[in-house]
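Shown next, in structure tokens, is the structure this report addresses.
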Amino acid sequence: MFDQSQIQEFKEAFTIMDQNRDGFIDKEDLRDTFAALGRINVKNEELEAMVKEAPGPINFTVFLTMFGEKLKGTDPEETILHAFKVFDTEGKGFVKADVIKEKLMTQADRFSEEEIKQMFAAFPPDVCGNLDYRNLCYIITHGEGKD
């Protein structure tokens, strides 16, 4: 369904959303994620409906499966962009690669050093150490082939 680089990017998004870092996304994680994106008055019913879309507790495997189902015929690029924007406090379209690396290696389903190397080999930061997450989100949702 996804290639290895896409799976790694989804893992990063999962890690960002897993606010309490227990390896599962639950209603409170969703509430905290919405709050980080500036939406603080999310109704319990809305959060419960989101969680009920999953066949059980939302670990990374369930999350990836759900994304695969959602990607069929829809474009979740904006959702992924919002996840990265949490780290883009200046709104410039990039985040520091070392910040993303630290989060991926210390939170939830932790990346190994090798997985980090693979990710940055596929999508290297610029000379200033910035990761262009807008372009990365495009690649995640549309693939690397450019018209």
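The values are calculated or read from the model by the stated rules, or taken from the named source; none is laboratory data. A quick note: this is a predicted structure, and the numbers were derived from the prediction, not measured. All Cβ positions, even for glycine, are placed from backbone atoms using ideal geometry, and neighbour counts span all protein chains on display.
Can you tell me how many residues in segment 97-124 are touching a residue at least 12 places away in the same chain (Cβ under 8 Å), closer than 25 Å to I25 by Cα and in contact with a helix residue (DSSP H, G or I) (Cβ under 9 Å, 6 or more places away or on another chain)? Steps first, please.
As a first pass, look at segment 97-124 and keep what is touching a residue at least 12 places away in the same chain (Cβ under 8 Å): 97-101, 103-104, 107-109, 111, 115-116, 118-120, 122-123.
Restricting the remaining residues to those that are closer than 25 Å to I25 by Cα gives 97-101, 103-104, 107-109, 111, 115-116, 119.
Now drop any that are not in contact with a helix residue (DSSP H, G or I) (Cβ under 9 Å, 6 or more places away or on another chain), which leaves 97, 100-101, 103-104, 107-109, 111, 115-116, 119.
Matching residues across segment 97-124 total 12.
What do you reckon, is T15 assigned to a helix (DSSP H, G or I) and at pLDDT 90 or above?
Details: assigned to a helix (DSSP H, G or I): yes; at pLDDT 90 or above: yes.
Yes: the conditions hold for T15.
To keep it simple, each residue is scored yes or no on (1) in contact with a Cys (Cβ under 8 Å, 6 or more places away or on another chain); (2) at pLDDT below 95; (3) within 24 Å of L136 (Cβ to Cβ).
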{"residue": "R21", "(1), (2), (3)": "no, yes, yes"}
{"residue": "F24", "(1), (2), (3)": "no, no, no"}
{"residue": "I40", "(1), (2), (3)": "no, yes, no"}
{"residue": "F63", "(1), (2), (3)": "no, yes, yes"}
{"residue": "M66", "(1), (2), (3)": "no, yes, yes"}
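Looking only at residues of segment 14-47 that are closer than 18 Å to L81 by Cβ, touching a Leu at 6+ places or on another chain (Cβ under 9 Å) and touching a residue at least 24 places away in the same chain (Cβ under 8 Å), we find that the one that is surrounded by the most Cβ atoms within 10 Å (Cβ to Cβ) is F14. Residues considered: A54, A49. Of these, the only one that is at pLDDT 90 or above and assigned to a loop (DSSP other than H, G, I, E, B) is A54.
Yes or no: E78 closer than 30 Å to P124 by Cβ, assigned to a helix (DSSP H, G or I) and charged (D, E, K, R)? Yes.
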